[in-house]
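The values are calculated or read from the model by the stated rules, or taken from the named source; none is laboratory data. Note that the coordinates shown come from a computational prediction; the quantities given were computed from them, not determined experimentally. FYI the Cβ positions are ideal-geometry reconstructions off the backbone, even for glycines, and counts take in every protein chain you see. Heads up: the accessible areas ignore ligands, DNA and RNA and are worked out on the full protein's heavy atoms, side chains in. Shrake-Rupley method; radii C 1.70, N 1.55, O 1.52, S 1.80 Å.
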Amino acid sequence: MSDFLTDVEAAIPGLRRYALALTRDADAADDLVQDCLERALTRRRLWRPTGTVKSWLFTILHNQFISDRRCLNRRAGDLSMDDALQQSAADNPMASVALAETARAIEALSLEQRTTLLLVAVEGLTYAEAATATGVPVGTIMSRLSRARRALADKMEAGPRLARVK
């Protein structure tokens, strides 16, 4: 078992590089590597010494990425910010402006953060339900939600960026 753990630990930098290449987002890459390692450790009994631990880990990581994308694409198709803008605040122009700014800030979040935020804060799913829906651990949902809320607050605090007039 200690050789297995040593091999897993040695593969982490490569897994992170590969995850970063797949996701093009450092937070998402970290989440993907975390998910991969969690799967590998909880399913250690499934590894067969016909190949290397490293190749097995890369397979898990890749399959997790594909699986995550499928889940997110199904969910993302149902969540249209344009629909939300058209359905609400029709009689109140100020509310429409605020809602449009919020929608733009949400759209600027990473896909993982946006999906997590919408599933938990908008759709009212529990952390466990959101984790099941996206195929990630509850802890990952919690960290994504925290980062999404922080990023959203930062974007909303900064306000709209106006072009400088010379």
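Could you give me the residue pairs with C-beta distances under 6 Å whose first residue belongs to the stretch 1-23 and is over 15 Å from residue 35 (Cα atoms) and open to solvent by less than 80 Å² (accessible area, probe 1.4 Å), whose second residue is at pLDDT below 90 and hydrophobic (A, V, I, L, M, F, W, C) wherever it lies, and which are 6+ apart or on separate chains?
Pairs found: 7/53.
Return yes when residue 115 is at pLDDT below 75, surrounded by fewer than 18 Cβ atoms within 10 Å (Cβ to Cβ), out of contact with any Asp or Glu (no Cβ under 8 Å at 6 or more places or on another chain) and of a type in the set (Ser, Thr, Tyr) and no when it is not.
In short, no.
Could you check how many residues of the stretch 40-56 are in a loop (DSSP other than H, G, I, E, B) and β-branched (Val, Ile, Thr)?
2
Residue 21: of a type in the set (Gly, Ala, Ser) and at pLDDT 90 or above, yes or no?
no
Quick one: in the stretch 24-65, of everything that is surrounded by fewer than 14 Cβ atoms within 10 Å (Cβ to Cβ) and of a type in the set (Val, Ile, Thr), which residue is farthest from the chain's Cα centre (by Cα)?
For the stretch 24-65, the residue satisfying everything is 50.
What's the total number of residues in the stretch 60-98 that are modelled with pLDDT of 80 or more and among the hydroxyl-bearing types (Ser, Thr, Tyr)?
1
How many residues does the stretch 131-166 hold that are modelled with pLDDT of 75 or more and within 23 Å of residue 63 (Cα to Cα)?
Result for the stretch 131-166: 11.
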